[in-house]
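See below for the structure under consideration.
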Amino acid sequence: MGRTTAMLRVRRRCLVCEGENEFEEDADTFAIGTPCPECHAPTERVEVLERRRVATNRNPHAAALGRLGGLKGGPARAMALSADRRRDIATKAAHARWGYRRATKFKKDR
């Protein structure tokens, strides 16, 4: 399953020359921004004409580099940590996961 991003087809009005144009932009683009094609002044979003989802393509080379670093990072970190430190990290994670207020050590005599 690929990733998607929201795209908008919008009508924008120039703040200087009052010209109106239609643009296609990401959904998280600011309402004021995108320069006017005629005078290069900022424009404001007047109307959203259409919303749609578009599949995003990943760069396979970047994905391979990220995977390579991820495969090395976990085992290297585990080897660098002491057993006590790994235990503390795991205890804190379990307490956070199960809703304990604070991580405390349990007594062994109970």
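Report, in degrees rounded to the nearest 10, the 0 to 90 angle that the Cα long axis of helix 83-98 makes with the longest principal axis of the chain. Helix 83-98 sits at roughly 60 degrees to that axis. Comparing His61, His40, His95 in a Gaussian network model of the chain where C-alpha atoms under 10 Å apart are linked, the largest mean-square fluctuation is found at His95. Shape summary: the chain maps onto an equivalent ellipsoid whose semi-axes, from the alpha-carbon gyration tensor, are 52, 20, 14 Å in decreasing order.
With Cβ to Cβ distances under 15 Å as the rule, what net charge do the other residues near Glu50 carry (K, R +1; D, E -1)?
Working: positive: Arg9, Arg11, Arg12, Arg45, Arg51, Arg52, Arg53; negative: Glu22, Glu24, Glu25, Asp26, Glu47.
Around Glu50, the surrounding residues sum to +2.
Counting Lys and Arg as +1 and Asp and Glu as -1 over every other residue whose Cβ lies under 11 Å from the Cβ of Cys14, the net charge comes to -2. Based on DSSP H segments of at least four residues, each scored -39500 (n - 2.57), the chain has a per-residue ellipticity at 222 nm of -11500 deg cm²/dmol.
Per residue, the convex hull around the alpha carbon atoms of region 4-55 comes to 60 Å³. Computed from Cα atoms, the angle from the helix 60-80 axis to the main principal axis of the chain rounds to 20 degrees.
Each value in this text was obtained by applying a stated rule to the coordinates, not by laboratory testing. As the structure is a prediction and not an experimental result, all values here were calculated from the model. Backbone-built Cβ (ideal geometry, glycine too); neighbour counts: all protein chains shown.
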